[in-house]
Amino acid sequence: MPARPFPHVLCAVLLALLGALLLVPSSADARADAPETTDAPVRLVIATAGLTWEDIDAESTPTLQCLADRAGVGAMNTTSTTVVSTKRQGLETLRTGYRGLAEEAPRTSGIPTPPTDQWQQLPVDVTSTDDPAAVEGALADGDLVELLAPSIPDHDDPARAEALTALDGTVAAALEDLGGCAAADLPRTLLVSVAATDPAHPEEVERTGAVASRTVGLQVAMDTGLSGQALTSGATKQTGVVVLTDVLATILDSHGASPEGLIPGQPFRGADHADPQQLAWDRSEAGRLVDAATLPALGSWLALGVVGLVIVLVPALARRPRFAAVGRALAAIAPLALPVGLCASLVPWWRAEHPTLALAGVVWGGCALLSVLVLGGPWRRSRFGPAGVSAALIAGIVLLESATGSRLQLSSPLGAQPISGGRFYGLSNHLFGLVLAAALMALLCLFTVVRSARARVVWTVGVGLVTAAVCVAPSMGADFGSSLATIPAFGLLALLVSGIRLRVWHVLALGAGGAAAVLGVSFLDWLRPPEDRTHLGRFIDELLSGELVSVVVRKLAQNVAMATGYWALALVLVLAVLASVAILLPGRIRWRRLAALDAAHPAAHRVRVALVVGAWVGYAVNDTGPVLVAAMLGVWLVLLPAILPDPERV
């Protein structure tokens, strides 16, 4: 073997990545300052709809701008049980703390039916009015006032400017009798845009999700109790982003009241930032533009992988050494778009005149830099070197981003999307799929040169422990389902490469170990204050409240719904089943090149066994399992052909 430097250098790369993951601070420590809170009770809640941060400026909405200048501000997710949230849904969410209308929500949504008006837990009376002149009197009586302010129509509606003026005037009138927006003794006021739209016929939107010419985006949230701060909450753990369900938690907490039962939101908190309003605008604009820009930006680079696959899989081309070398190189660097896209918000591409081109430039620039590392090191002389280093970079960068607080992935391609509101931090299922697939591919490539059973076990256990630790740590990945798949996958691989004869009790022990680990970490997370808990600690809350069965049923139903409701994901699952059979039984289907790889490197088949087990266990224990399987399939679909022997050697 001419490439003896490969194992030493690849080991060094993997060790550096593992060391970096172990040494980086947690997400809580990575923040410069702990979020601030206030004891002032919320007295006035101004509710509108359709208001975004691009609507607010000193010239056209002076009162709103004044209020923003003296408030904590953030971009707010208002997703509901329909595609587009409506004001009717948002106003119910203010009262119940759950998204959408309980009476119309699907049974699998987890929304209590009938809904509970949590404002009844408050120690003060509540006055709801659309008359700004009634605000002062109600506040004087000690009430909490809910002011139903005018809504803002769609961007292409000619009445939009007039509606903004009307909203600004309503807020000005409500605050005028209180001394004005700049009054030093202004009671704590929340201004929230509770939905993306307020249609004339809300039942039609709630049924079909149809809003003409409307781009759904993040809405405005202000809290005068956290003046000059960027809003955050325990639900998002992201500076400058909150969720509509956090508003109820904020109101209850400010009055020292507790909800009846569990609610998903967490109180607003303030984080220091040089320009909170700019941050809120950035969050909103990036979230609005990222979906349309993702496919051109990532797809333009991933197309290199398609070219590479054609070359390495077509025998006539793969038999030509120069063509084959180019094909393997293109296949090795194509997946680098995934971690680069995840971290693309390092550059504010959304501020550019042509954001799609800017994002594509960020992706190509980052991929080009990583490609130099993948193709330029001494490992390039090994067939497995570039693919192994590429896989190690994919897994390492995704884990590192999560370990340092998930501060780059928000509104980035492949990252958490605050508009959808599924998750705001940590490892989503598609990211875990990338990590698991890439880590196992890196180990496969490493095992072609690390032949000692003991060394292989050490590497497998080491990579598995670091992956599991980052995935499940509340301050890092905070992913409940990942450990249920990580420990069995890496544990099984460690047994397979050790030479120990596999027993049934080994498999059962690995499954029990994964469950024990995640439950133990979840319990430790539950011991923290409620506002600091993640999904893990909240699972213990649900367990203690007797909601375990409903939670499991809801997640299983969502998993099945994704597979049956989206034809593309259903197709991916069918392909994944076929691919699982193919990579486990290459001899049976006469896949000679893969069978030749196994003949030369028997550990390759053992890695693929662990891969298939990890993929389908991950599918079973996660609510978006099809996405996880799709991510794993994508990584191996590109990298596996890059390491296959040439056709003439089979």
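Figures for the structure shown
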{"item": "Segment 326-348 residues that are modelled with pLDDT of 90 or more and open to solvent by less than 10 Å² (accessible area, probe 1.4 Å), paired with ones that are aromatic (F, W, Y) and in a helix (DSSP H, G or I) (beta carbon under 9 Å, 6 or more apart)", "result": "A334/W301; L336/W301; A337/W301; A337/W364; G341/W301"}
{"item": "Pair list, Cβ under 8 Å, 6 or more apart: segment 96-123 residue under 15 Å from T78 (Cα atoms) and modelled with pLDDT of 70 or more, other residue open to solvent by 60 Å² or more (accessible area, probe 1.4 Å) and not in a loop (DSSP other than H, G, I, E, B)", "result": "L101/R88"}
{"item": "Positions within segment 516-533 being in a loop (DSSP other than H, G, I, E, B) and either basic (K, R) or in contact with a Gly (Cβ under 7 Å, 6 or more places away or on another chain) (or both), in sequence order", "result": "R528, R533"}
{"item": "Boolean, L393 is surrounded by fewer than 17 Cβ atoms within 10 Å (Cβ to Cβ), in contact with a Leu (Cβ under 8 Å, 6 or more places away or on another chain) and either in contact (Cβ under 8 Å) with a residue 12 or more places away in the chain or in a helix (DSSP H, G or I) (or both)", "result": "no"}
{"item": "Enumeration of residues in segment 152-174 that are of a type in the set (D, E) and out of contact with any Ser or Thr (no Cβ under 8 Å at 6 or more places or on another chain)", "result": "D157, E162"}
{"item": "Scope segment 280-320; condition without any contact (Cβ under 8 Å) to a residue 60 or more places away in the chain and out of contact with any Leu (no Cβ under 6 Å at 6 or more places or on another chain); matching residues", "result": "L295, G299, L302, A303, V306, V310, V314, A316, L317, R320"}
{"item": "Evaluation of L465 against (1) out of contact with any helix residue (DSSP H, G or I) (no Cβ under 6 Å at 6 or more places or on another chain); (2) in contact (Cβ under 8 Å) with a residue 40 or more places away in the chain (one fails), failing number", "result": "(2)"}
{"item": "Qualifying residue in segment 613-621 (condition: crowded, with 19+ Cβ neighbours inside 10 Å, closer than 29 Å to R380 by Cα, at pLDDT 90 or above and among the β-branched types (V, I, T))", "result": "no"}
{"item": "Selection count where residues are open to solvent by 30 Å² or more (accessible area, probe 1.4 Å) and assigned to a helix (DSSP H, G or I), scope segment 363-383", "result": "12"}
{"item": "Filtered residues of segment 611-624 (kept if of a type outside the set (G, A, S) and assigned to a helix (DSSP H, G or I))", "result": "L611, V612, V613, W616, V617, Y619, V621"}
{"item": "Qualifying positions in segment 124-159 - modelled with pLDDT under 90, closer than 17 Å to G256 by Cα and surrounded by 13 or more Cβ atoms within 10 Å (Cβ to Cβ)", "result": "D143"}
{"item": "Residue satisfying all of: in segment 216-234; among the hydrophobic types (A, V, I, L, M, F, W, C) and within 22 Å of S80 (Cβ to Cβ); farthest from the chain's Cα centre (by Cα) among these", "result": "M222"}
{"item": "Qualifying residue in segment 406-425 (condition: among the aliphatic types (A, V, I, L, M), closer than 27 Å to R606 by Cα and buried (at least 22 other Cβ atoms within 10 Å of the Cβ))", "result": "no"}
{"item": "Segment 31-71 - residue that is in a loop (DSSP other than H, G, I, E, B) and of a type in the set (V, I, T) and, of those, most open to solvent (accessible area, probe 1.4 Å)", "result": "T37"}
{"item": "Contacts under 8 angstrom Cβ, first residue in segment 171-197 being closer than 11 Å to L147 by Cα, partner open to solvent by 40 Å² or more (accessible area, probe 1.4 Å), 6 or more apart", "result": "T189/R43"}
{"item": "Residue among V290, V242 that is surrounded by 20 or more Cβ atoms within 10 Å (Cβ to Cβ) and part of a strand (DSSP E or B)", "result": "V242"}
{"item": "Candidates L508, L502, filtered to the one that is open to solvent by 10 Å² or more (accessible area, probe 1.4 Å), part of a helix (DSSP H, G or I) and at pLDDT below 90", "result": "L508"}
{"item": "Residue in segment 588-598 that is modelled with the highest pLDDT, counting only those that are surrounded by fewer than 18 Cβ atoms within 10 Å (Cβ to Cβ) and in contact with a Leu (Cβ under 9 Å, 6 or more places away or on another chain)", "result": "A596"}
{"item": "Test result for V627, in contact with a His (Cβ under 8 Å, 6 or more places away or on another chain) and either in contact (Cβ under 8 Å) with a residue 40 or more places away in the chain or outside any loop (DSSP other than H, G, I, E, B) (or both)", "result": "yes"}
{"item": "Residue among D185, D168 that alone is out of contact with any strand residue (DSSP E or B) (no Cβ under 9 Å at 6 or more places or on another chain) and open to solvent by 30 Å² or more (accessible area, probe 1.4 Å)", "result": "D185"}
{"item": "Unique residue being modelled with pLDDT of 90 or more, within 19 Å of the chain's Cα centre (by Cα) and closer than 22 Å to G299 by Cα when the list is G433, G415", "result": "G433"}
{"item": "Candidate set: segment 72-94, residues that are closer than 20 Å to R269 by Cα and not β-branched (V, I, T); chosen: the one surrounded by the fewest Cβ atoms within 10 Å (Cβ to Cβ)", "result": "L94"}
{"item": "Every residue from segment 599-612 that is touching a helix residue (DSSP H, G or I) at 6+ places or on another chain (Cβ under 8 Å), free of Cβ contacts under 8 Å to residues at least 40 places away in the same chain and open to solvent by 30 Å² or more (accessible area, probe 1.4 Å)", "result": "H605"}
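To keep it simple, each residue is scored yes or no on (1) crowded, with 20+ Cβ neighbours inside 10 Å; (2) assigned to a helix (DSSP H, G or I).
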{"position": "A274", "(1), (2)": "no, no"}
{"position": "Q278", "(1), (2)": "no, yes"}
{"position": "S284", "(1), (2)": "yes, yes"}
{"position": "L295", "(1), (2)": "no, yes"}
{"position": "L298", "(1), (2)": "yes, yes"}
{"position": "V307", "(1), (2)": "no, yes"}
{"position": "V312", "(1), (2)": "yes, yes"}
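The values are calculated or read from the model by the stated rules, or taken from the named source; none is laboratory data. Keep in mind that what you see is a predicted model, and the values were worked out from it rather than measured. Positions of Cβ are generated from backbone atoms using ideal geometry, with glycine treated the same way; all protein chains shown enter the neighbour counts. Calculation scope for accessible area: heavy atoms of the full protein, side chains included, ligands and nucleic acids excluded. Shrake-Rupley method; radii C 1.70, N 1.55, O 1.52, S 1.80 Å.
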